[in-house]
Every structure is written in structure tokens, then in C-alpha cells.
1. Can you find even one residue in the stretch 489-497 that is within 24 Å of the chain's Cα centre (by Cα) and in a helix (DSSP H, G or I)?
2. Can you give me the number of residues within the stretch 272-310 that are outside any loop (DSSP other than H, G, I, E, B) and open to solvent by 40 Å² or more (accessible area, probe 1.4 Å)?
3. Looking at the stretch 428-468 only, could you name the residues that are among the aromatic types (Phe, Trp, Tyr), part of a helix (DSSP H, G or I) and in contact (Cβ under 8 Å) with a residue 60 or more places away in the chain?
4. Could you tell me which numbered condition Ala240 fails, if it satisfies all but one of (1) open to solvent by 10 Å² or more (accessible area, probe 1.4 Å); (2) touching a residue at least 60 places away in the same chain (Cβ under 8 Å)?
5. Considering the stretch 27-51 alone, what residues qualify as being assigned to a strand (DSSP E or B) and either over 23 Å from the mean Cα position of the chain (by Cα) or small (Gly, Ala, Ser) (or both)?
6. Can you work out which of the residues in the stretch 32-45 that are open to solvent by 10 Å² or more (accessible area, probe 1.4 Å) and touching a helix residue (DSSP H, G or I) at 6+ places or on another chain (Cβ under 8 Å) is nearest to Pro99 (Cα to Cα)?
7. Considering each residue of the stretch 359-411, count those that are touching a helix residue (DSSP H, G or I) at 6+ places or on another chain (Cβ under 6 Å) and assigned to a loop (DSSP other than H, G, I, E, B), and give that number.
8. If you go through the stretch 316-333 one residue at a time, how many are in a loop (DSSP other than H, G, I, E, B), open to solvent by less than 30 Å² (accessible area, probe 1.4 Å) and of a type in the set (S, T, N, Q)?
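The values are calculated or read from the model by the stated rules, or taken from the named source; none is laboratory data. Remember, predicted model here, so these are calculated numbers, not experimental data. Every residue, glycine as well, gets a Cβ built from its backbone with ideal geometry; the counts of neighbours run over all protein chains shown. Ligands, DNA and RNA are excluded from the accessible area calculation, which covers all protein heavy atoms including side chains. Shrake-Rupley method; radii C 1.70, N 1.55, O 1.52, S 1.80 Å.
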Amino acid sequence: MIDAPGPDDAELVVVAPAGRIRGRWGDGVARFAGIRYAMAPTAERRFLPPVPVHPAEAEMDARHFGTVCPQNPSLMDALFGGESEQWDEDCLHLNVWSPQPSQPALLPVMVWIHGGAFEMGSGSSPLYHGESFARDGVVFVSINYRLGSLGFLELGGLDSGFAGSGNAGLLDQVEALRWVRDNIECFGGDPRNVTVFGESAGAMSVSLLLTMPATSGLFSKAIAQSGALASARPVQQAHADAAEFMEHLGISTVEELQQAPVEKLLGAHAALSVSRMTDPERVIARFGSPLSFLAFRPVADGRQVPLEPEAALRDGSAAGIPVVLGTNLDEWKLFAMMAPAADSRDSVLQRLSLLTGDPEGALVAYDQEHPGASPADLESAVLTDYVFRIPAGEMADAQRAHAPVWQYRFDWASPALGGLLGAAHAIEIPFVFDMVEDHRLHVLVGAEAPVELAKAMHGAWVEFARSGRPSVEGVEWSARGDDRSVLILGPEPAMQEDPQGLTRRFWADWTSS
């Protein structure tokens, strides 16, 4: 039930199971911002699972965005057009954009989970506003969830009562999806047609949500942009990460952690991150994966997240849920700007030896696929594959027996920053949100990014949410079956059969040997 909207910039009220919610109407879209979906995770609730909110007796003011999770300043956030947002531990808010909440026909729902390495970002970032989706007939939802130590510090090794705290941020996402299930119909959305999608840490979250029993019935489709199941840490590594964090913090008990000022937690987090980013070989040698730069990410604890997420997916944890997933051609070029790159072929071989027992064989395969590439570009290609492309392919293999899977690779190379980024990590986001003409993003994609590609990618995502089948005009985007067809999203979208097959086969042969 909704009070009818008036002219632009008018206020309007939705009456939902959560209570009366006052938002704004403008330019054909209703926006409800900063809606609380769980109790403040503060004081004794710090590090514990989210607590659902009771229906509010007083009217909720959703005219302005809420506070976001505490986080350290980020060069990446500034690069992607981020603006300074007020943060507070009381951050479990979501935002809804709807084209016409009062219409009787229920619209598809898309729930966006933001990225940011599980330590930065928010659902209210200007990069993630939902007007473009709402104007195309989608009820769009973006969410905040706990980040860094507040959301992903596994304390079960210190106190069994806090076992599972390493997945508090994931459980926030689950609670937000429950709120959507119970309330979204009052905003014009169909709770039986919910697509969950995200990028980077958001895509890793989406991938893990597909394996979690707690998400059963909460969404019917999923899109994972540059992130897959390999993000989950073993419990042993999560305990080691927690111990290293506590050492930086200079305290030893959970009680002290719960009482520590959040600024102190952020300081220890920053120190831990710097120590890992400046010595990548040590991190990879210790934990076996470049993802271990991220000391705070989900935990394969066997409670909320299966001990082997890929095996759970292969066994049918997400049976019947169609999936779109893919990566960007030059993912690692973004991270290469923040960590020392290989400066010789010997350096590439040294880092390859930390990832595979056949570094010479790997280098031969990459030389063939990237003839004449510099050591830095070879390393970028290796790490793009190891962290993003190969896990995405393995996830597709695990799911395809249970539902259709469409794969893509985003190849458009940004001219920004002198061409250093290429088709780097996160470059596709302005295309998905159809925002390439926004001047704030020209530092990322340049002033002449192809609008046609943005319309095609955004339209494919909307059509997938609407019908369960993505489509791009002029291309037959086939669901992944026995073939290895991938949609290449460049200036002229086209299908390719098993692109970069040589290096894919190398990693497949190595992991199976």
C-alpha cells in the first residue's frame, strides 16, 4: 500500500510489514534510502550475527542515505567516483529504487551487493544508485553490510561463543535478503523474482550465497561480476589472520575487542594491510593464494558456509538458479597499481612457483597467449587468471548441471590514466549501471566510453532479471553446456569458443594432476 506520488521532488509513504516508510519521488523514480534492516551491531552485538528489526511504530524517514560501515580511506573508492560518506557501526541499512510502487503488476527485483575487498564501499555510493534500473522496470535494492574486522574477523579460536564471527558480513547480506522477501512487494517488486548480483567482493559474496542453506528461497537468479567461490578462507587461515590482527592491535581477548574504539580497529586493519601489500611473495608463500592480501573475507567454516563451497555447488546447493558470471580481460592491472610488479622473467617464474609446481610450463603457455608481453603484463595475466578467470570457469562447471550458466568476458580497454588500466577490475561497473556518460566517472572510463556497449550490457542484466535469460542484440548468447562459449563484451560483442583455452587447459591439467 502506498500514498500516491505527486510531482517531482515530492515525498511519498509506503506502508509495509516493516512499518510506514517515507521516501522521495523524482524524475519518474521513487527512492527510499537508509532503511534499517537489522538492529545496530554495536556494543555486545559487535561481531555477532545480525538481529532482525521489529516493525517500527513510528514512521521511518527514508529520504536520506544512512551511515555506512566504518572503513579506512581508499584510493580505489576515489578512483571509482566515490564521495565521502558518514560512517558508523550502526550501518545495516538498505536502499530501494522503484519506478512506481503502487502499480499492481509486480516487477523483477535486483539486489546489488557492493564490492571493495570486504573492507570498503557502501550500497549508497553514487556509482551504485539505481535510477537506471528503475527506469527500465526493475525494483532495485542496494545494501550495506559489515566490513573488515567488524564483518569478517573469525574469533572462534579465542572464544567458542563467537565461532562464525568471520561470516557476520555474509549473514548481514542474508538478513537484508529476508527483509526484501518480506517487504519488497509493497514497493512494487515480486519477491518470487529476485536476482542477487555483485562485483568483486560482492560477486564473491553472491557465489557463496549460492552455497548457503540459509539463503534457500531468498533469490531465484544470480550474477557474479569478477568474483567466485575461491574467496572463502579455511578456518585455520582465518584463525591465523585473527591472531595477526590482534598482534597489530595489541590486545588479546574478545572482551577487549568488543570494547575497543572502532578507530583503533581501523588503525590495526590499515597496518595489517600495508604489511601484506608490500611483501606479496611472503603472503603467497604463507597462505598459497594472492587473495590472502585480504585478511578479512568469508570463512568456509562448515556452519554457515560449507567447508568446500565448490563441492556444495557441484552437489546442487543452487539447483534451479540460473547464473551469469564473468571476468574482465585485465583484472589485475588495477591491483598492479598498488603493489610492486614483477620486473623480470625470473621474478615472474619466482611468483609462478608459489602458485604451481610447473612454473616453466605455465610461462610457456602464457608466452604463447601473450607474445612479446612485458614481465609486468605476464604477471598481470597470470594473476588475473589465478584469482578471477579460472575460479569463474570452475564455478560455471560446478553449476551447469543444475541450471543454465552464461559466461562473459569484458574486453573494452579504458583509455583513462594513459591506458594503464585497460580492461581492469571494476571497469565494467559503469556499463552495468549505464553510467558511462556521468562526468564523475571519466577518470575511470574516459569521456568517450561506448554508450552502445553500456546499453547492451545494462540491457542484458535487466532482461536476465526479467525473464531469466540475458540477451544482447545481434548475438546468440548461449548458456554454457558442453561447449565453452563466452560472450566477449567489447566494442562489437561476439561469442568466442574457449577463449584463452591454452592457459585454461594448463591450470585444469595442473589442478587435476
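1. No: zero hits.
2. 8
3. Trp461, Phe464
4. So Ala240 meets the others, but not (2).
5. Val29, Ala30, Ala33, Gly34, Ala38
6. Met39
7. 1
8. 0
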